[in-house]
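The values are calculated or read from the model by the stated rules, or taken from the named source; none is laboratory data. No experiment lies behind these values; they were computed from the predicted model shown. Cβ: placed from backbone, ideal geometry, glycine included. Neighbour counts: every protein chain shown. In case anyone asks, the SASA skips ligands and DNA or RNA and just uses the protein heavy atoms, side chains included. Shrake-Rupley method; radii C 1.70, N 1.55, O 1.52, S 1.80 Å.
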Amino acid sequence: MRLSTDHSRAALDGAHSHGAPQGRYVSSRAERPTSFDPAEIPVPRGREEEWRFTPVRRFSPLFDLEAVAAGTSTGSVRVEVDAPAGVTVEELARDDARLGTVGAPSDRTGVVAWAAFQTATCVSLDEGAELERAVRVLTTGHEESGSEGFTRPAACHLLISARRGSRGTVVLSHTGSAALTQSVEVVVEPTAELTLVTVQDWQDGAVHASNHRVRVHGDGSLKHVVVSLGGDVRISSDLGFSGEGGRIEAFGVYFTDAGQHQEHRPYVAHTEPHCYSRVTYKGALQGAGAHAVWVGDCLIGAAARGTDTYELNRNLVLTEGAKADSIPNLEIENGHIEGAGHASATGRFDDEQLFYLRARGIPEAEARRLVVLGFFNEIVTEIGVPEVEQTLMSAIEKELELSGLIEAREQA
């Protein structure tokens, strides 16, 4: 199996330290090593800064290159695409020149995904196309975890490209059961407007790590939406610009159940002048052992004058025993900017909101439901895809019903 290709054009490496010495502690996301070579990104032990919140044992099947390469060849994970007119879908060989141009992987699961995939799925919005409906990329896992865990961990690679002047939405859906490490490369050309939605709705016990590497060129625009509902999930999104005037809006919604780990690590690298970014993630947690992690990093480089950026994370803890870790980081190397900031908060039900609703005759169970849905509604409506918004709100209501939280509160 060929595990290498020419990456001389990789673009995000300018915002990372390529080939940094192994084991060196770095506090800045921009200085953390990236590489296409698995030997340069060692297997984590859980004490590293970027892995200290992650249950390493659960994700360990995705660290083993040989096991993932072997599992990929068995077809334990399948990718299918449903695309409207105006979209070109291709299967690309490993050595295709279009692959690996956005940037190198930033962690162990990402570099294993790169080294182990066999063919890549490429979805391209044609130049000037305006899609009548969303492209749907369905990734389905076909392996149940046994007494020895997942024996066929797999890798897949996606390339999503929005050509100049195109407008459309691509939805990545993940269902079934599997241990999957995934690379997603995203290229948005000048004047293109792309909405990319990734939905993790795995069965309980599934393990999914994904490394998104994004480049927005010129005055292109990207809306990047992450929705995590099922499975153990770790998504690292490296979002960057090439040229002036780019725009990135990154939204995240997650609902973390008992015993579940959901981790999101968005990183926006402002290395170009006059670019705009907004990062907004909201999550709810319920049940013993539910653990949500959000680490949001933003770099404003020395050349990024006129930057306008802000990042926000909110967590709503619904029951005892759930835990949320939220860490926003902002690194500024240029004072000539339009604005920059960050905020983070974790809390429980707002008693004043509940009192207000109950004082108007709304039963407690319904009041709690409305508070949770209202918490999410603000961000869900920003997605801008009605079909996705409706599906997501229905899924959140289903999570509340299945949990028994509302009934338990009502009886209390």
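Residue by residue through segment 153-165, what is 3J(HN,Hα) from phi via Karplus (6.51 cos²θ - 1.76 cosθ + 1.60, θ = phi - 60°)? Round to whole Hz and write x for glycine and proline.
x, 10, 10, 8, 9, 10, 10, 10, 10, 10, 6, 3, x
Keeping all protein chains in position, work out how much accessible area residue 108 exposes to a 1.4 Å probe, and write it in Å² to the nearest 10.
20
How big is the Cα convex hull of segment 236-343 in projection, averaged over all directions, in nm²?
5.9
So how strong a dipole does the chain carry about its Cα centre when Lys and Arg Cβ are +1 and Asp and Glu Cβ are -1, to the nearest 20 debye?
480
State in Å² the accessible area per residue of segment 85-145; use a 1.4 Å probe, count heavy atoms of protein chains only, and round to the nearest integer.
Result: 37 Å² per residue.
Rank these residues by their accessible area, most exposed first, probe 1.4 Å: 398, 282.
398, 282
Compute, for segment 64-127, the length of the dipole vector about the Cα centre, with Cβ point charges of +1 (Lys, Arg) and -1 (Asp, Glu) only. Units Debye, rounded to 20.
200
Calculate, axis by axis, the spread of Cα positions in the chain along the three principal axes, and write the results as whole Å, longest axis first.
For the chain, the Cα spread along each principal axis is 65, 55, 48 Å.
Mind listing the long-range amide H neighbours of residue 329? Cut-off is under 5 Å, sequence gap 5 or more, other chains count too, H placed in the peptide plane at 1.01 Å from N.
296, 297, 298
Using a Gaussian network model on the chain with a 10 Å cutoff between Cα atoms, which of 74, 195, 140 fluctuates the most?
Largest GNM mean-square fluctuation: 74.
Using the Karplus equation 6.51 cos²θ - 1.76 cosθ + 1.60 (θ = phi - 60°), what ³J(HN,Hα) coupling, rounded to whole Hz, does each residue of segment 267-276 give in order, writing x for Gly and Pro?
9, 10, 9, 8, 10, 10, x, 6, 10, 10
Rounded to whole Å and sorted largest first, list the principal axis extents of the Cα atoms in segment 325-398.
53, 32, 23
So with the 1.4 Å probe, I'd like the accessible area per residue for segment 272-363, rounded to whole Å².
For segment 272-363, the per-residue accessible area is 46 Å².
Give me the distance in nm between label points sitting 7 Å out from Cα along the Cα-to-Cβ direction at residue 345 and residue 133, one decimal.
Distance between label points: 4.0 nm.
Quick one: plug the Kirkwood hydrodynamic radius of segment 109-249 (C-alpha pairs) into Stokes-Einstein at 37 °C, 0.692 mPa s, and report D in µm²/s.
In µm²/s, the coefficient is 212.
Can you tell me which lysines have their Cα less than 17 Å from the Cα of residue 282? Leave out same-chain residues fewer than eight positions away.
223, 323
If amide H atoms are built 1.01 Å from N in the plane of the peptide, which residues on other chains or at least 5 residues away come under 5 Å of the amide H of residue 167?
So residue 167 has HN proximity to 129, 130, 131, 193.
Quick check on segment 135-223: of the DSSP beta bridges with both residues there, what percent are antiparallel, nearest 5%?
About 5 percent, rounded to the nearest 5.
Given a 1.4 angstrom probe, what's the average accessible area per residue across segment 162-223, in square angstrom?
Using a 1.4 Å probe on heavy atoms only, each residue of segment 162-223 averages 23 Å².
Computing the accessible area with a 1.4 Å probe over protein heavy atoms, can you report the carbon and sulfur percentage for the chain?
Of all accessible area on the chain, carbon and sulfur atoms account for 46 percent.
In whole Å, how far is the Cα centre of segment 359-381 from that of segment 204-279?
27
In the chain, what % of DSSP beta bridges are antiparallel (nearest 5)?
Just about 10 percent of them are antiparallel.
Quick query: amide H of residue 34 versus all other amide H atoms, modeled in the peptide plane; which residues come in under 5 Å with a sequence gap of 5 or more or a different chain?
Under 5 Å from the amide H of residue 34 lie the amide H atoms of 17, 18, 19, 20, each far enough along the sequence or on another chain.
Going out from 0 in 10 Å bins, what whole percent of all Cα-Cα distances in segment 267-311 drops into each bin?
So the P(r) values, bin by bin, are 25, 38, 20, 13, 4.
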